[in-house]
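The values are calculated or read from the model by the stated rules, or taken from the named source; none is laboratory data. It should be emphasised that the depicted structure is a prediction, and the values quoted were computed from it without experimental measurement. Cβ placement follows ideal geometry from the backbone for every residue including glycine, while neighbour counts extend to all protein chains displayed. All accessible areas refer to the heavy atoms of the entire protein, side chains included, with ligands and DNA or RNA removed. Shrake-Rupley method; radii C 1.70, N 1.55, O 1.52, S 1.80 Å.
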Amino acid sequence: LWAHMRLDYDLTENDFLEAQARHGGIRTRLVQVWGLLLVAAAVISAISHPHNYSSFVLPLLFGVFLLFGTKLLTRRSYRKDPRLQQHFQAVVSDTGIDFSSPTGSTQSTWSAFTRYVESRNLFLLYQAPHVFNLLPKRAFAPGDEESFRGLLKAKLGSATVAHSRKISPQAWVFLAVVAIAAVLLVMSILRVR
């Protein structure tokens, strides 16, 4: 039987930014690359045709939004919701995890979680494709992080491995659209010159 551990932690704005980036995966990076390409195309268009505002203003604004929009929305959500800035506790046991904060508590058995993902500073425990709990690694006592990782592998390992091997059809469509758009953007830049 696995001994329980108690975690006390506060979630920071950077935790939410890291979780969003890890959750978004390659899509988040591709959106940012696409935003950078749009900004570059807008700058080239502005240099080439400085009086034709319609050729560069909209791509510039859209590119800047793609580069920074997700981060700004995540920061705004964190700052506007005081519940996210409360002190949290989690008690991890062989049967599940009990989460609590000043506004409520939840008892989740391991069957409530579908998989887990690990980032540099966080564990993301998924209950649905876009619903997850954050556990910052800084909340663990020395040695407990490895024990927790072992428990996660024992309880959720097979589901996590199966999920990480798949690329969803939506991801393939997204990648195809980004690739086609990038090719068209490069072709239009070359035509402008």
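Each row is one residue, and each column tells you yes or no for (1) open to solvent by 40 Å² or more (accessible area, probe 1.4 Å); (2) modelled with pLDDT under 95.
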residue	(1), (2)
THR114	yes, yes
GLN127	yes, yes
LYS137	no, no
ALA141	yes, yes
LEU151	no, yes
ALA154	yes, yes
GLY157	no, yes
ALA162	yes, yes
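Filtering segment 41-71 to residues that are among the aliphatic types (A, V, I, L, M), under 30 Å from ASP15 (Cβ atoms) and open to solvent by 60 Å² or more (accessible area, probe 1.4 Å) leaves LEU61, VAL64.
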